[in-house]
Amino acid sequence: MKIAAASLNQTPLDWKGNTERILRSLAEARSKKAVLLLLPELALTGYGCEDYFFMPWLYEQAWDILLHQILPQTEEMALALGMPFVHKGNHYNTLVFCENGKIRGMYAKQLLPHTGIFYEPRWFNPWPRMEKEWLEKDGQAFWFGDFTLPFQDLQIGFEICEDAWQPDKRPALFGAAREADLILNASASNFARDKRQERHRLITDLKGKSKALYLYTNLLGNESGRIIFDGEILFGAEGEIRQASRRLSFRDSEMAVFDCLKERTGPAVVETDDDEDDFEDFTQAAALGLWDYLRKSGSRGFALSLSGGADSGACAVLVAEMLKRAFSDLGKAEMENRLGFSLHGDTPREWMPQILWCLYQGTQNSGIVTRKAAEGLALALNARYFSWEIDDMVAGYTEKTEHLLGRKLTWEQDDLALQNIQARTRAPGIWLLANTANLLLITTSNRSEGDVGYCTMDGDTAGSLAPIAGVSKHFIRRWLVWARDRYGYAALDPIIVQAPTAELRPAEKKQTDEADLMPYEILEQIEIQFLQEKKSEAEILRFLESRYPEFDKEELEKYTGRFFILWKRSQWKRERLAPAFHLDKFNIDPRSGGRFPILSR
């Protein structure tokens, strides 16, 4: 028996597009002689509908499409499709199993994720384990809840994403699915660095506990703005992964078809886990996130304040990689179809002046190294490049303020104010440039800067999208070296060798980020211990003492204390940052994991 699973790149409330992709996948599975097709969690509506899940019409529309457009296409075929459903006034996240034009059952998710980026209990109710009801609705009669269903020679059980992530409660071991020969898992599992091995344990943890076949599929792409799904499809047997699909495709869907008998006895997948995979995964995920954000927002490219530093350099390279990878997967014609406009030329390099507009905004405090680094990288990438000086505008604001205050502003008395006015003066010009060409303005903030508020609101934080705000500065610096070596971006050399600096103080003050803050590697370790490991300030200090014996305890105390002072002062800034891609195990974006009070002690 052949069974299939497809990953889909859906969009919340895109009823027409979502339905078309579902029906195309169904037709493709049928053409490949599969008798069953599994599709991802909430694939019909989109997973990221958020408070639209409170709207009664959303459930009515989903049911109507299922009844009149999807069910008629399931003749001599079975389909398992994720969609929301209302039962007795409660909202459920369900996996509907259809066969031969009829609904045979709707499995209701039992375990709802409620930490990090997930907030499902806000919209959905959990279903109790091992309970089921017989429902009749609009001529359809089916089981609802937790059950197994016979299909050909198999008994089929179900899990939906989080159901499988809690080993002491999962349906495969404690619910109806423990009696199944085949378990179907429809997921919306976000991409995060190093998460793939954790996800694979959903199958390998069943070894010695279940002999069931296991079919898993995930959503694909940047569905709704912040979260990126990798679209992985897995097939397992007796607690071993037999097949694992390609991930992070730029296509609308990917499909895998499995022969149940053949895969049951096939070899297990060999896992790898190293920095090479980590950097490549980040690159592919960020590039896919940029591509989907660009086309789904209806924009025509990106604008970037290219400073000659690590963060803006990383963003520029990621846009270049976006075009290369989209072209590899889709080709020019399909890229134009998705974007809704023509690309001038035939290669990704020829499209760069159209897609990425870079602006260097210099002041008297800008150094020759960053000026040349910015121009050199833009030219190497073939991005459109502009440069202007903003000293006259900074001077205008400064002189007006001095007139109001009745005194001169000095670096001794007004250090932060004089730094911030430079960053803020850069924002209106790049915004104007972006608006004239319908471009998305990229803000280059990284997670480390967001931790401690090392950024200027309405200045370098201005933008429509923060693609690298989900990773640390220490990671970005290491990734740049990898990108130079792996893909030949030699123009990154001047950026890699210089010490990170905001260049907002006079040159003689020799400003660097790490002198203002602390070494970025230590900052990263503090945030990991605090945000991921949930450690207290005292516990973090003990950890740093053991990890960095070359530092004096007093110095580590200073760094730790500085982090927490700045962290608590800066939540209001994090509340105002542009939408950020979730790319790591934790995030400081308040809408995708970093929910902290604006005022705290």
Whether any residue in the range 335-344 is closer than 19 Å to S299 by Cβ and more than 28 Å from the chain's Cα centre (by Cα) is what I want to check.
yes
Whether any residue in the range 376-396 is in a helix (DSSP H, G or I) and of a type in the set (S, T, N, Q) is what I want to check.
no
Can you tell me which residue is farthest from R264 (Cα to Cα) among those in the range 1-44 that are of a type in the set (V, I, T) and in a loop (DSSP other than H, G, I, E, B)?
T11
Of all strands (runs of 3 or more DSSP E) fully inside the range 110-169, the set with 1 or more residues that are surrounded by fewer than 18 Cβ atoms within 10 Å (Cβ to Cβ) and of a type in the set (A, V, I, L, M, F, W, C) is 132-137, 140-145
Qualifying residue in the range 52-61 (condition: under 19 Å from S187 (Cα atoms) and either in a helix (DSSP H, G or I) or of a type in the set (S, T, Y) (or both)):
yes
Among the numbered criteria (1) modelled with pLDDT of 95 or more; (2) surrounded by 16 or more Cβ atoms within 10 Å (Cβ to Cβ); (3) within 30 Å of the chain's Cα centre (by Cα), which single criterion is violated by L517?
(1)
Filter the range 558-590 for residues that are within 12 Å of the chain's Cα centre (by Cα), under 22 Å from L441 (Cβ atoms) and not polar (S, T, N, Q); the one that is modelled with the lowest pLDDT is D589
Hey, any hits in the range 352-360 for a residue that's free of Cβ contacts under 8 Å to residues at least 60 places away in the same chain, exposed (fewer than 12 other Cβ atoms within 10 Å of the Cβ) and in the same structural domain as A320 (by TED's automatic domain parsing)?
no
Unique residue being among the hydroxyl-bearing types (S, T, Y) and surrounded by 16 or more Cβ atoms within 10 Å (Cβ to Cβ) when the list is S342, S366, S328:
S366
Any residue at all in the range 27-38 that's of a type in the set (K, R) and under 18 Å from A186 (Cβ atoms)?
no
Pick from the range 420-443 the residues that are in a loop (DSSP other than H, G, I, E, B) and in contact with a strand residue (DSSP E or B) (Cβ under 7 Å, 6 or more places away or on another chain): which of them is nearest to A374 (Cα to Cα)?
T443
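Rundown of residues vs (1) within 21 Å of S187 (Cβ to Cβ); (2) assigned by TED's automatic domain parsing to the domain that holds R201; (3) touching a residue at least 40 places away in the same chain (Cβ under 8 Å), yes/no style:
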| site | (1), (2), (3) |
| --- | --- |
| W123 | yes, yes, yes |
| E136 | no, yes, no |
| A141 | no, yes, no |
| D146 | yes, yes, no |
| L149 | yes, yes, yes |
| Q155 | no, yes, no |
| E162 | yes, yes, yes |
Meets criteria (closer than 18 Å to L465 by Cβ, touching a residue at least 24 places away in the same chain (Cβ under 8 Å) and not β-branched (V, I, T)) for N382:
no
Near pairs, Cβ below 9 angstrom, 6+ apart or cross-chain, from the range 55-79 (at negative phi) to any residue that is surrounded by fewer than 19 Cβ atoms within 10 Å (Cβ to Cβ) and modelled with pLDDT under 95:
A78/Q152
From the set of residues in the range 127-160 that are within 20 Å of A78 (Cβ to Cβ) and among the basic types (K, R), which is nearest to the chain's Cα centre (by Cα)?
K132
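The values are calculated or read from the model by the stated rules, or taken from the named source; none is laboratory data. Owing to the predicted nature of the structure, the values given are computational and were not obtained by experimental measurement. FYI the Cβ positions are ideal-geometry reconstructions off the backbone, even for glycines, and counts take in every protein chain you see.
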